[in-house]
């Protein structure tokens with residue numbers, strides 16, 4: 001390799017590392033949100049950790065190429081390999097978490113599988129290099145290749161798949177431009193996984209003796225490091241642009257909140273107008289009828305006036321009932337937090353069950369829930385707590401209420417004995433009553449029960465979504 005090629009490779013490693021480091025810092029600066037319409041936000045810290053660690057690892061590789069620290073070459077290579085391994089750990093957990101999020105919530109396979117692979121890798125790696133054998137650099141290269149095969153390649157592939165899944169999710173929200181960005185980011189991750197997890201340092205061990213960066217250069221005439229750098233830059237640029245989509249969620253919340261407040265103000269004006277003008281005029285007409293009754297002596301006239309008085313009173317009553325319903329409609333969600341808090345306090349006073357209540361619905365909610373649906377939700381949760389009290393033998397209950405762009409979500413978790421939700425004879429009146437109420441409000445209910453407890457998830461679409 002001549003001097004020009006060496007400088008070119010150094011610059012490649014520099015920008016390669018810089019790209020991932022910038023990606024990591026940008027991702028870590030994003031605010032973590034446990035509940036978000038964008039699943040990427042719930043795992044963004046993992047992507048950030050990958051970017052920072054991998055960027056530093058590539059810079060250490062650049063230092064080794066510069067041969068500025070030849071006396072510490074194997075130590076630098078060891079640190080580089082360890083950082084690479086841990087960076088791929090975070091990438092793999094990120095990919096697993098996004099792809100298997102719904103199906104592995106309880107067993108945490110998306111965490112334990114990568115950790116198990118890393119633990120085995122670390123055990124053998126540290127065991128081999130601790131004795132400082134004569135072929136130490138060769139030994140480190142073996143383990144560097146292994147972490148790329150068993151963590152880097154699957155991690156990048158899973159990350160790519162997760163971006164494709166998010167793309168479909170955004171298409172459902174009519175965010176086509178952001179959906180296309182997710183698709184492009186996914187393709188860059190696939191390219192990165194192929195070049196960093198397949199075409200690696202050649203060794204006299206299969207498959208690196210067949211597929212390696214030398215073979216790649218021989219058939220393409222392009223250094224694999226160049227393709228890695230391009231994929232890293234592509235991932236970073238597109239992902240940072242994707243971060244803009246997160247502000248869309250906040251803007252959506254703000255717009256919905258403004259519309260909601262305008263609706264409330266308009267309703268208040270209508271209520272005031274009906275009360276101050278229409279009802280008062282009806283009341284005045286009723287007073288006039290009563291005055292006429294006092295002076296009228298004709299029986300037929302008095303009968304007609306009595307009917308008119310009765311009609312006026314009934315009209316006033318109906319108008320007041322309408323105002324009562326109209327004033328509370330679509331703002332019931334604001335009372336849900338307090339109503340549930342009172343219910344839970346009452347539940348704890350009469351039971352030896354600890355109840356953890358998490359109300360995560362922001363002030364700027366995504367939609368509207370009427371008073372009727374508010375009441376149904378209250379009775380559903382009340383019924384669930386009664387079932388827990390009677391049958392679960394639980395010591396702890398957690399109730400979480402949160403919102404998304406499309407629905408209000410309620411989750412109830414207990415650590416009781418559980419039951420087989422697939423058996424019909426386990427569905428008592430209480431559970432069936434809950435299901436009937438959920439159907440009435442166009443919601444959905446999922447029940448997952450086992451020896452470790454029961455989870456009930458209820459989703460109620462915002463009323464503008466139902467329409």
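Every number here is computed from the coordinates shown, using simple stated rules; none is lab data. Being a predicted model, the structure only gives us computed values, none of them experimental. Positions of Cβ are backbone-derived with ideal geometry, glycine not excepted, and every protein chain shown enters the neighbour counts.
Listing for the model above:
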| item | result |
| --- | --- |
| Gain in span if fully extended, residue 206 to residue 354, counting 0.36 nm per residue against the direct Cα distance | 47.6 nm |
| Nearest-0.05 FRET efficiency for residue 15 and residue 311, computed from C-beta distance (R0 60 Å) | 0.10 |
| Cβ-Cβ FRET estimate between residue 395 and residue 168, R0 fixed at 51 Å, reported to 0.05 | 0.80 |
| Segment 120-170: radius of gyration and largest Cα-Cα distance (Dmax), Å | 16.5, 54 |
| Efficiency of FRET from Cβ geometry, residue 457 and residue 270, R₀ 41 Å, rounded to 0.05 | 0.65 |
| Label-point separation, residue 119 to residue 319 (7 Å along Cα→Cβ), nm | 7.4 |
| Residue 296-residue 379 pseudo-label distance in nm [points 7 Å out on the Cα-to-Cβ vector] | 4.3 |
| Among 197-205, 307-315, the order from most to least packed when residues are scored by Cβ within 10 Å on average | 197-205, 307-315 |
| Per-peptide average of other Cβ atoms within 10 Å, ordering 278-290, 11-23 highest first | 11-23, 278-290 |
